[in-house]
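Single-structure report; data block below.
The values are calculated or read from the model by the stated rules, or taken from the named source; none is laboratory data. Bear in mind that the values here come from a model prediction, so they are computed numbers and not experimental data. Positions of Cβ are backbone-derived with ideal geometry, glycine not excepted, and every protein chain shown enters the neighbour counts.
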Amino acid sequence: MQIRPPSDVEESRHALSRRTMLALAGSLGAMTSLGAFGVARAYTGAGALRQGLGDFPICRTAASGEPLAGPPRQLKLAWNATAVCTASAPIAKERGIFAKHNLDVDFINFGGSTEQLLEAIATGKADAGIGMALRWLKPLEQGFDVRITAGVHGGCLRLLAAKSSDIESIADLRGKSIAVSDQASPGKNFFSIVLAKQGIDAEKDVEWRQYPADLLRLAVEKGEAQALADSDPQTYLWLKDGKFSELATNLSGEFSNRLCCVLAIRGSLVRGERPVATALTHAVLEAGDHVAHNPADAAAVFSSYGGKGSVPDLTAMLQSHTHHDHPVGDALKKQIALYTDELKLVNVIKRNTDSTKFVERIYADVLS
Amino acid sequence: MSSSSLDRVSAPPIAVLGPPQTINYRVWIGGSAAMSAWLGAALLTAFWPDVPDSDWEYTRQLAVIFAAVAVGPAFALLAGQRIAPLRRIWRAIPWLIALAVLLTVWEAVTAKLALLPMPFFPPPQGVLEVFIDDWPRLLDGVFASLKLLARGYLVGAAIGFVVGVAIGWSRAIGYWIHPILRFVGPLPATAWLPLAFFVLPSSLIASTFLIALATGFPVAVLTWSGVAGVSSAYYDVARTLGANRWFLIVKVAIPAALPYVFVGLFMGLGNSFAVLVVAEMLGVKSGLGWYLQWAQSWAAYANMYAALFVMALICSSLITLLFRLRDRLLSWQKGLVRW
Amino acid sequence: MVVASIAAAPAVRQAQRPGQTPHRGAALELLDVSHRFDLDDRPLPVLEHISLRANPGELVAILGPSGCGKSTLLRLVAGLDAPSFGQLRMDGVTIDGPDPSRVVVFQDPTLYPWRSVRSNVALGLEARGLLRSHGARVEEVLQLVGLSHFANAYPHQLSGGMAQRAALARALVNEPRLLILDEPLGKLDSLTRIAMQGELASLWQRAGFTALLVTHDVEEALVLATRVIVLSERPARIKAEIINDRPYPRHRGDPRLADVRREVLTQLGLGDSW
């Protein structure tokens with residue numbers, strides 16, 4: 001969203017609009033009443049403020065780290081039970097980390113982690129959620145009242161190519177088809193960026209074909225695409241039988257300490273009950289550390305929630321993701337800004353979106 | 001009312017409905033109301049400032065469009081009594097007024113007052129922006145979807161028709177196929193996706209199959225119903241006149257069942273649209289359902305509404321086309337049934 | 001005039017028909033025909049021991065109370081159903097199915113609503129693949145029944161009488177040797193009926209086919225038939241066979257017809273009512 005310079009434009013219009021509104025009063029009653037209403041608002045200058053813009057003074061009732069007072073605060077966390085990236089959530093619940101921070105968290109499962117999660121958070125059906133930054137940045141640009149408070153981990157996106165095709169490097173993908181689960185998939189977004197950085201136009205030189213997530217491998221086997229881009233646990237399991245090779249992940253090369261998933265919290269919760277947001281963020285970060293240091297335990301817990309894959313496989317996956325790397329504060333802002341610029345490169349985010357202002361709008365500092 | 005206009009009315013080149021006085025009153029009141037409604041919409045859009053910090057690019061253009069629509073009733077008002085086709089505009093006047101009011105309310109509540117939150121409720125200029133900026137992709141999508149629909153619908157309708165006739169005519173065939181139809185037909189398309197993709201050679205064939213299935217089921221059921229319900233008197237007449245079985249099926253049963261078949265075709269059309277979005281999840285490069293999904297996953301609801309609008313337009317046009325076809329083939333029904 | 005009751009088929013003097021080949025029509029024989037329906041596992045007898053004979057060119061009327069089985073009898077003659085017992089023969093050949101040489105005109109004209117009048121009339125020719133060679137007959141027959149101006153109309157645009165005439169035309173275009181009429185004028189108003197009876201009589205005279213007419217209208221039987229067969233209540237048997245050899249065209253007020261009328265009504269059990 002572009003921010004226009006304030007009120008000069010509005011001042012010069014007042015006289016004109018009043019005259020016009022009065023002129024309209026002669027024809028239809030509804031028009032008149034609405035018009036008069038609008039004029040009154042314009043005069044008092046109290047137009048509806050865009051949500052998420054500007055700084056509201058927030059009363060700080062508790063510094064970070066202090067436990068919440070009173071009975072355990074009930075919260076709803078939206079997550080995707082099939083995505084192993086969100087393993088911090090079940091760990092936090094099962095290993096008492098939420099309880100330690102005086103939180104009683106219920107999970108709401110969303111099968112396809114798309115903007116549905118954001119919608120759920122923005123409309124209050126959930127209080128927070130964990131999801132992939134590269135999937136969420138574009139919907140967030142549209143203006144949901146949701147704030148990112150922490151990065152959660154890196155890794156889990158993989159670009160696989162069939163060994164039967166002769167694709168051995170990113171450059172070989174020129175002119176080929178890549179199967180993805182949908183047009184807004186983080187796999188498509190991330191690897192478009194990778195391709196762009198190697199000089200390949202992700203829109204013109206490569207064809208992205210969409211298939212339901214569990215059919216991606218079948219699509220490649222049928223020859224409808226030569227490579228696929230998706231996330232763990234699927235991609236890790238597909239690699240196991242050796243028919244596919246891994247071309248890149250979102251930890252390859254220059255992206256080695258980039259975040260993949262973020263924790264986002266409802267804007268009104270962040271503004272109205274900041275201590276709760278703080279507690280939640282702390283809990284999730286602690287859980288992340290736990291996952292990093294005890295991947296086997298995390299795998300077992302995740303698996304008990306019905307995730308795909310055997311516990312040894314899940315353990316290996318979790319070890320390859322960087323759960324100990326959970327940026328906050330300036331580091332987080334910098335990464336989001338970087339992603340935003342890169343997404344502009346591949347025409348996902350609008351070119352005239354100001355990255356810095358965008359980051360300010362979607363990030364909330366609840367830890368300092 | 002000037003006497004000159006009365007003179008014009010009293011010697012019209014075409015027949016006037018009702019006494020001349022009434023027409024003039026209705027015309028003037030209706031036309032003025034419509035005109036002022038649209039002008040009101042235009043003025044409100046142009047001169048009431050958008051909410052601060054929004055960046056709707058086409059607010060001015062929207063106002064111009066509203067003003068242009070107001071010209072329609074104005075023109076009809078002045079010239080309509082002479083030119084017969086413009087009289088059609090008179091019939092649309094109530095809807096024109098309602099539309100203007102709705103659009104004004106929508107505009108006021110979204111762009112001017114922001115009572116309804118973004119991104120769920122884009123204002124009219126948001127949707128206009130989509131049409132202006134993204135029309136190549138939308139147009140591409142229209143053609144791609146139409147191609148897919150045509151393939152699926154025609155195949156489904158043809159097979160459904162043949163199956164329906166077979167079941168309606170032969171008890172033996174009905175015995176075997178009827179239960180399959182009952183169980184398989186109503187299953188949702190999404191359930192078929194993985195199976196279809198696995199079994200069929202390509203995603204294009206799988207998508208076509210999904211649409212064909214959605215179309216074929218109602219066509220088969222209704223054709224069957226039509227054929228089975230043909231009055232036995234028709235058969236008696238033909239048999240005594242020396243008709244063989246082929247003649248009975250093709251020249252008696254099928255024409256008699258055609259009204260039912262058309263009902264099936266209409267239902268199939270609606271069904272195929274409903275399935276279009278699912279069918280375009282499989283390896284499709286462009287299309288309205290594909291566009292819809294993309295817009296939704298980007299939370300670009302203006303784009304989604306634009307695509308939905310285009311889809312509705314196309315579905316409505318196809319239904320009209322089907323009605324025209326029915327009119328021609330079933331013109332003999334005009335005297336019998338109210339349609 | 002000879003009034004005969006049933007015994008054997010008496011020799012019948014042909015009514016006068018100018019310039020007509022007398023044997024265009026078929027000879028029809030019913031040999032001890034009985035028929036029953038299976039209704040809820042209990043058989044319902046409808047016809048019992050019907051034996052009758054129609055000589056070539058005769059117009060035989062079958063009269064009987066409603067529900068007695070007259071229509072069933074016609075369906076058997078038409079070949080649409082097979083009799084439970086007995087045999088039906090046309091020109092010595094057993095009737096075992098419908099055939100265009102024995103066409104039926106039903107009570108309901110049952111014109112195909114999706115075809116024009118002309119197309120309906122041509123139905124029989126089309127079904128037998130004779131449309132191209134014998135198409136001219138369609139126009140002839142339409143003229144015969146007086147529907148030439150309505151050839152392109154659709155059935156829903158015709159009145160009851162016109163529709164029935166079209167049905168008649170549809171039957172006649174096939175030059176049947178046996179015409180079976182199942183209360184063809186039953187649904188028409190009495191004025192139309194009277195007019196159509198006259199038309200039917202002259203058509204029959206001109207064409208020379210054998211006709212089997214089922215009716216419940218005594219006057220109709222009197223005006224049209226050379227022989228009247230009276231059926232009893234269900235299960236139907238032949239109660240009487242009355243010969244009427246008054247010349248055509250017949251006048252309803254003919255005092256000689258009165259005797260036949262009396263006899264017929266008596267057989268029907270209505271002797272005191274006229």
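From the list A:151, A:143, which one is of a type outside the set (Asp, Glu) and on the phi > 0 side of the Ramachandran plot? Working first, answer last.
Details: A:151 fails: on the phi > 0 side of the Ramachandran plot.
Answer to the check: A:143.
Give segment B:87-104 a look and list any residue that's at pLDDT 85 or above and buried (at least 18 other Cβ atoms within 10 Å of the Cβ), or say none.
Those that are at pLDDT 85 or above and buried (at least 18 other Cβ atoms within 10 Å of the Cβ): B:97, B:100, B:103, B:104.
More than 16 Å from the chain's Cα centre (by Cα) and assigned to a helix (DSSP H, G or I): is that true of residue C:163 in this structure? Please lay out each step first, then the result.
On the way: more than 16 Å from the chain's Cα centre (by Cα): yes; assigned to a helix (DSSP H, G or I): yes.
Yes; evaluated as a whole, the condition is true for this residue.
Can you pull out the residues in segment B:105-126 that are buried (at least 19 other Cβ atoms within 10 Å of the Cβ) and either within 14 Å of chain A (Cβ to nearest Cβ) or of a type in the set (Phe, Trp, Tyr) (or both)?
If we filter segment B:105-126 for residues that are buried (at least 19 other Cβ atoms within 10 Å of the Cβ), which is where we start, we get B:107-108, B:110-112, B:114, B:118-119, B:122-126.
Matches in segment B:105-126: B:107, B:108, B:110, B:111, B:112, B:114, B:118, B:119, B:122, B:123, B:126.
With the checklist (1) away from every other protein chain (no Cβ under 14 Å); (2) surrounded by fewer than 19 Cβ atoms within 10 Å (Cβ to Cβ); (3) in a loop (DSSP other than H, G, I, E, B) in hand, flag the one item residue A:203 doesn't pass.
Unmet condition: (1).
Scanning segment B:165-212 for residues that are among the hydroxyl-bearing types (Ser, Thr, Tyr) and within 14 Å of chain A (Cβ to nearest Cβ), which turns out farthest from residue B:264 (Cα to Cα)?
Here the answer is B:202.
Only one residue in A:219, A:213 is closer than 21 Å to residue A:116 by Cβ and either over 22 Å from the mean Cα position of the chain (by Cα) or within 14 Å of chain B (Cβ to nearest Cβ) (or both). Which one? Before the answer, list the steps.
Values: A:219 fails: closer than 21 Å to residue A:116 by Cβ.
After ruling out the rest, the residue left standing is A:213.
Name the residues in segment A:309-368 that are among the aromatic types (Phe, Trp, Tyr) and under 22 Å from residue A:277 (Cα atoms), would you? I'd like the intermediate steps shown before the answer.
Step one: of segment A:309-368, the residues among the aromatic types (Phe, Trp, Tyr) are A:339, A:358, A:363.
Hits for segment A:309-368 are A:358, A:363.
Going by the conditions given, is residue B:123 modelled with pLDDT under 90 and more than 23 Å from residue B:59 (Cβ to Cβ)?
Values: modelled with pLDDT under 90: yes; more than 23 Å from residue B:59 (Cβ to Cβ): no.
For residue B:123, the condition - modelled with pLDDT under 90 and more than 23 Å from residue B:59 (Cβ to Cβ) - is not met.
Taking the stated definitions as given, is residue B:274 in contact with a Phe, Trp or Tyr (Cβ under 9 Å, 6 or more places away or on another chain) and among the small types (Gly, Ala, Ser)? So that I can check it myself, show each step before the final result.
Values: in contact with a Phe, Trp or Tyr (Cβ under 9 Å, 6 or more places away or on another chain): no; among the small types (Gly, Ala, Ser): yes.
Criteria not met by residue B:274.
Residue check: is residue C:139 acidic (Asp, Glu), part of a helix (DSSP H, G or I), touching a helix residue (DSSP H, G or I) at 6+ places or on another chain (Cβ under 9 Å) and closer than 22 Å to residue C:209 by Cα? Don't jump to the end; show me each part of the working.
On the way: acidic (Asp, Glu): yes; part of a helix (DSSP H, G or I): yes; touching a helix residue (DSSP H, G or I) at 6+ places or on another chain (Cβ under 9 Å): yes; closer than 22 Å to residue C:209 by Cα: yes.
For residue C:139, the condition - acidic (Asp, Glu), part of a helix (DSSP H, G or I), touching a helix residue (DSSP H, G or I) at 6+ places or on another chain (Cβ under 9 Å) and closer than 22 Å to residue C:209 by Cα - is met.
I'm checking my understanding of the structure. Among residues of segment C:63-83 that are touching a residue at least 60 places away in the same chain (Cβ under 8 Å) and surrounded by fewer than 19 Cβ atoms within 10 Å (Cβ to Cβ), which one is farthest from the other protein chains (Cβ to nearest Cβ)? Full working, then the answer.
In the first step, residues of segment C:63-83 are kept if they are touching a residue at least 60 places away in the same chain (Cβ under 8 Å); the result is C:63-71, C:73-74, C:77-78.
Restricting the remaining residues to those that are surrounded by fewer than 19 Cβ atoms within 10 Å (Cβ to Cβ) gives C:65-67, C:71.
Values: C:65: 24, C:66: 19, C:67: 19, C:71: 11 Å.
That would be C:65.
Can you name the residue in segment B:215-241 that is in contact (Cβ under 8 Å) with a residue 24 or more places away in the chain and within 14 Å of chain C (Cβ to nearest Cβ) and is also farthest from residue B:170 (Cα to Cα) among such residues?
Residues of segment B:215-241 in contact (Cβ under 8 Å) with a residue 24 or more places away in the chain: B:215-231.
Of the ones still in play, those that are also within 14 Å of chain C (Cβ to nearest Cβ) are B:226, B:230-231.
Values: B:226: 14, B:230: 13, B:231: 16 Å.
Filtering segment B:215-241 for residues that are in contact (Cβ under 8 Å) with a residue 24 or more places away in the chain and within 14 Å of chain C (Cβ to nearest Cβ), the one farthest from residue B:170 (Cα to Cα) comes out as B:231.
Determine which single condition residue C:138 fails, assuming it passes every other condition in (1) more than 12 Å from every other protein chain (Cβ to nearest Cβ); (2) surrounded by fewer than 22 Cβ atoms within 10 Å (Cβ to Cβ).
The failed condition is (2).
Taking residue B:258 as meeting all but one of (1) within 14 Å of chain A (Cβ to nearest Cβ); (2) farther than 16 Å from residue B:153 by Cα, write down the number of the exception.
(1)
With the structure loaded, tell me whether residue A:135 is of a type in the set (D, E, K, R), out of contact with any strand residue (DSSP E or B) (no Cβ under 9 Å at 6 or more places or on another chain) and closer than 19 Å to residue A:326 by Cα or whether it fails that test. Talk me through it step by step, then tell me what you get.
Details: of a type in the set (D, E, K, R): yes; out of contact with any strand residue (DSSP E or B) (no Cβ under 9 Å at 6 or more places or on another chain): yes; closer than 19 Å to residue A:326 by Cα: yes.
Considered against the rule, which asks whether it is of a type in the set (D, E, K, R), out of contact with any strand residue (DSSP E or B) (no Cβ under 9 Å at 6 or more places or on another chain) and closer than 19 Å to residue A:326 by Cα, residue A:135 comes out as yes.
Test each condition in (1) under 14 Å from residue C:71 (Cα atoms); (2) more than 13 Å from the chain's Cα centre (by Cα) for residue C:252 and report the one that comes out false.
Going through (1) under 14 Å from residue C:71 (Cα atoms); (2) more than 13 Å from the chain's Cα centre (by Cα) one by one, residue C:252 breaks only (1).
Does segment C:189-198 contain any residue that is modelled with pLDDT of 90 or more and in a loop (DSSP other than H, G, I, E, B)? Outline the logic, then answer.
If we filter segment C:189-198 for residues that are modelled with pLDDT of 90 or more, which is where we start, we get none.
The answer is no, given that none of the residues of segment C:189-198 is modelled with pLDDT of 90 or more and in a loop (DSSP other than H, G, I, E, B).
Restricting the search to segment B:48-62, which residues are over 13 Å from residue B:126 (Cα atoms) and surrounded by 21 or more Cβ atoms within 10 Å (Cβ to Cβ)?
B:48
Only residues that are among the polar types (S, T, N, Q), surrounded by fewer than 24 Cβ atoms within 10 Å (Cβ to Cβ) and within 23 Å of residue C:206 (Cβ to Cβ): list them for segment C:142-172, please.
So in segment C:142-172, the residues among the polar types (S, T, N, Q) come out as C:143, C:148, C:152, C:157, C:159, C:164.
Those still in the list that are surrounded by fewer than 24 Cβ atoms within 10 Å (Cβ to Cβ) too: C:143, C:148, C:152, C:157, C:159.
The answer is C:143, C:148.
In segment A:81-127, what residues are within 21 Å of residue A:138 (Cβ to Cβ) and of a type in the set (Gly, Ala, Ser)?
Correct list: A:83, A:111, A:112, A:113, A:120, A:122, A:126.
Where the second residue is crowded, with 23+ Cβ neighbours inside 10 Å and acidic (Asp, Glu) and the first is in contact (Cβ under 8 Å) with a residue 40 or more places away in the chain and lies in segment B:144-160, which pairs have Cβ atoms under 9 Å and are six or more apart or on separate chains?
What qualifies is B:144/B:280; B:145/B:280; B:148/B:280.
To keep it simple, each residue is scored yes or no on (1) assigned to a helix (DSSP H, G or I); (2) of a type in the set (Gly, Ala, Ser).
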{"residue": "B:197", "(1), (2)": "yes, no"}
{"residue": "B:206", "(1), (2)": "yes, yes"}
{"residue": "B:239", "(1), (2)": "yes, no"}
{"residue": "B:263", "(1), (2)": "yes, no"}
{"residue": "B:278", "(1), (2)": "yes, no"}
{"residue": "B:285", "(1), (2)": "no, no"}
{"residue": "B:299", "(1), (2)": "no, yes"}
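Residues to consider are A:304, A:320, A:268; find the one that is hydroxyl-bearing (Ser, Thr, Tyr) and under 26 Å from residue A:189 (Cα atoms).
Values: A:304 fails: under 26 Å from residue A:189 (Cα atoms); A:268 fails: under 26 Å from residue A:189 (Cα atoms).
Among A:304, A:320, A:268, only A:320 is hydroxyl-bearing (Ser, Thr, Tyr) and under 26 Å from residue A:189 (Cα atoms).
Looking at residue A:316 and the list (1) at pLDDT 85 or above; (2) within 23 Å of residue A:194 (Cβ to Cβ); (3) not acidic (Asp, Glu), which single condition is not satisfied?
Of the numbered conditions (1) at pLDDT 85 or above; (2) within 23 Å of residue A:194 (Cβ to Cβ); (3) not acidic (Asp, Glu), the odd one out for residue A:316 is (2).
Taking segment A:148-187 as the search range and keeping residues that are more than 14 Å from every other protein chain (Cβ to nearest Cβ) and acidic (Asp, Glu), which one is farthest from residue B:298 (Cα to Cα)?
A:166
Quick one: count up the residues across segment C:218-274 that are in a loop (DSSP other than H, G, I, E, B), touching a residue at least 40 places away in the same chain (Cβ under 8 Å), among the acidic types (Asp, Glu) and under 19 Å from residue C:59 (Cβ atoms).
Filtering segment C:218-274 for residues in a loop (DSSP other than H, G, I, E, B) gives C:225-226, C:232-235, C:237, C:244-254, C:268-274.
Now restrict to residues that are touching a residue at least 40 places away in the same chain (Cβ under 8 Å): C:225-226, C:232-235, C:237, C:244-250, C:268.
Next cut, among the acidic types (Asp, Glu) only: C:233, C:245.
Checking which are under 19 Å from residue C:59 (Cβ atoms) leaves us with C:245.
So the count comes out to 1.
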